[in-house]
1. Can you bin segment A:226-355 into rounded, prolate or oblate? Criterion: square roots of the alpha carbon gyration tensor eigenvalues sorted a ≥ b ≥ c, rounded for a/c under 1.5, prolate for a/b above b/c, oblate for the rest.
2. Straight distance only, please: which aspartates and glutamates reach the Cα of A:LYS294 with their own Cα at less than 17 Å, same-chain residues fewer than 8 apart left out?
3. So what's the gap between the Cα centers of segment A:149-165 and segment A:573-593, to the nearest angstrom?
4. So if R0 is 41 Å, what FRET efficiency would A:GLU418 and A:SER258 give, r being the distance between their Cβ atoms, rounded to the nearest 0.05?
5. Using Cα atoms only, what is the angle between the long axis of helix B:40-49 and the major principal axis of chain B, expressed in degrees (0 to 90) to the nearest 10?
6. Which helices count as membrane-span-like in chain A under these terms: full DSSP H, at least 27 Å along the axis by C-alpha, Kyte-Doolittle mean of -0.5 or more?
7. If contacts are Cα pairs under 8 angstrom and at least 6 residues apart, what is the relative contact order of segment A:508-659 in percent?
8. Which lysines does A:LYS199 reach when only Cα atoms under 17 Å apart count, and residues fewer than 8 places away in its own chain are ignored?
Amino acid sequence: MRRVGVFVCWCGSNIAGTVDIEQVKAAAAKMPNVAYVEDNKYTCSEPGQAAIQKAIKEQKLDRVVVAACSPRMHENTFRRTVGGAGLNPYLLEIANIREHCSWVHPDKVAGTRKAVDLVRRAVYKVAKNVPLQRASIDVTKRALIIGGGIAGIQAALDIADAGQPVVVVEKTPSIGGHMAQLDKTFPTLDCSACILTPKMVDAAQNQNITLMTWSEVEKVDGYIGNFTVTIRKKARHVDTTKCTGCGICWSKCPAKVSSEFDLGIGKRKAIYVPFPQAIPNKPVIDEKNCIFFKTGKCKACQMFCPTGSISFDQKDELVEEKFGAIIVATGYEQWDPSPYGEYGYGRYKDVITGLEFERLVNASGPTEGKIKRPSDGKLPKDVVIIQCVGSRDEAKGIPYCSKTCCMYSAKHAILLEEKIHAHSYVFYMDVRTPGKGYEEFYKRATEEHHATYIRGRVSRVYQKGDKLVCLGEDTLLGKKVEVEADLVILASAMVHQNGASKLAQTLGISYDQNEFYTEAHAKLRPVETNTAGIFLAGACQGPKDIPETVAQAGAAASKVISLLSKPKLETEPLVAQVNEAICSGCLWCKPICPYKAIDGKVVKERIAGGKTIERPVAAVNASLCQGCGACTVACRTGAMNVLGFTNEHILAEVDALCL
Amino acid sequence: MSVNEKAAPAAGPATNPTTATPAPEGWEPKIIGFACNWCTYAGADLAGTSRIQYPPNIRVIRVPCSGRINPQFVVRAFQRGADGVLVAGCHPGDCHYSTGNYFARRRYLLAKRFIEYLGVEPERLQVRWISGSEGQKFADTVRELTEKLRALGPQRRLRETL
């Protein structure tokens, strides 16, 4: 026999207005195991909680039911109350008679009847509750950041500042990301490199930060506080401890290929650093284009290297590292606008993307900042900028708004006018400039820099002499427009990083239909994933500009810092449990588990006749398990259960509600 | 095929035994709802905080995930005299646990056939995806199911006489 105490809350008039509290109390008093019933005006208030604690002690209650608001609201509050009175916090159930009853059913008779049923459900369930203990696990005081763009760099600096060690894994030869490719940044027009490169240097010099460039995350095991990550250090063929970054090797290298960093506008060598300010400023050999790797002859770089750091027989290396938390900051890619055949991208050299224009206008870019158009090197006089290329187009592109294009197109228009007095015609669907100083910046483009904004889409771009004719429509005037341009810039969409879904599967985090990573809650948990211990920063979660990315990186870093500064982590005890006695070891539960928390193990047991046998059973890793209960339904013998939501619990609830 | 879709019309009176006798005076359909904690339970809470009224015929049982809802619970509800059952969770793709509702979706495609095989009208079991922001949808779903059950009458096929 249990001694259940039922506490019925009035919630002022919120519940008492439409539910007859006295009737509920009288009905509750007759329910099995109920030893005590009390009502309170506000059970969640300090006197209300004190009343529960007092009753637990005086009435020797061993289970508590609170009939009040939603458990999503105050379950934790009342767990603490119950815990404070010396009872196990999990010997509590909430009957939701406010959100699910008094607020939605104005009929007092029917509402009261339902409230009684809901209380009975909780009374039946709580009788089956058992004390549960939170376990504590150790935390590896070290963070992993995947991606060395501005998001990763900012997060690394913040975490390192708090005294925690960080490893940044970056797949390209240098940190810096897309921000390093940009020329100026909106809305202040300060140069991207001037604000980024000092941060890159800080990251490189910080004692707490380890940079692993030219590396990729291969495998992730473990759980919050205790991740084991396998990192592939790709063969650089350069000994970074010896190399001084003098640059003789790449000046002597005879193989010239187009540069990924310059988006094909410039050239690089087969041994290269992607850009002059690269960190680390140590080259890598691109095996695909290196003459030695192709023909077995050359080795020019090795011959000329004054420190002897070139090694052609270096192999990829797999290292295993332990981390307590992970921040994913893998960023975005610019969408390839080729599906828009009418714009002629790829067909006409002078049709370029916004990011390509950034390289063209960048002082450290292939043209040293001179806006020479790719076809003949002439300075353009008239430029057409087409916005929403890919964005907001479900048919050819992506359904969402890329958020940054309106602003960077305005920036391009300003730069073109400022640098070479070129006139810009911007074709747009809508101009979206929410952000501090953003609308003013757009106004500046139109008013001070005389950019012509035309509301409408371009239907076709074709060559006429050395001009590109853009046919479009001004939908505000309802007129056809024809602009003869020297250069066409496509404000192409921001899309997910290549291989985003594969990395998500490696990490066990979720992603949306656009392959952006999903945050735990769109509003209240924007930097956390649903996998505990893994956080998000920057454009890998969705299109973002630099200020937003930096803010999110700081937020993710603070989450990591607070996680790593805990001596031990408490785990939620509502996890799956195996009844080994009846488990058949079929492991049907294993593939259904989204957290890889179930594995097989072998138990030894004595059977009749004194013989000892071995048989396989399922085993749950309680630290990995999130308590979803998918395994329980897959289990054919009923050996698998979720604590707090066992089969017995739910069947008892069904029985209680059907009485 | 959606979970609530029906492949073929129920054939003959043998599969439709419960409407044979009229409902007793004052009978109200009883619905047991299984709602996942993250979406549908939150959606039902939102119906409350938005004061969206719906018939008081449903009683909700909170479970962690729609993937936790064993069809055994549904059968038990019918055995104990429930007239209808609502199984509800996050929209496919939005599962808090990534994949739970996908399993639920497949499982309840079969479960609906199973209860039909047992002789219960499959409309008595409704499977819906209701997010935490769809308080109105929760209310509409309950209203719709209550009306459907009112038309069908009491569920007697699986009900145990105790």
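1. Taking the square roots of the gyration eigenvalues as a ≥ b ≥ c, segment A:226-355 is oblate.
2. A:ASP286, A:ASP313
3. Each part reduced to its Cα centre gives a spacing of 40 Å.
4. In this case the efficiency is close to 0.90.
5. Tilt relative to chain B: about 80 degrees.
6. The answer, listed by residue number, is A:108-128.
7. 19 percent
8. In chain and number order, the partners are A:LYS184.
Values in this text are rule-based calculations from the coordinates and carry no lab data. The model shown is predicted, which means the values in this text are computed figures rather than measured ones. FYI the Cβ positions are ideal-geometry reconstructions off the backbone, even for glycines, and counts take in every protein chain you see.
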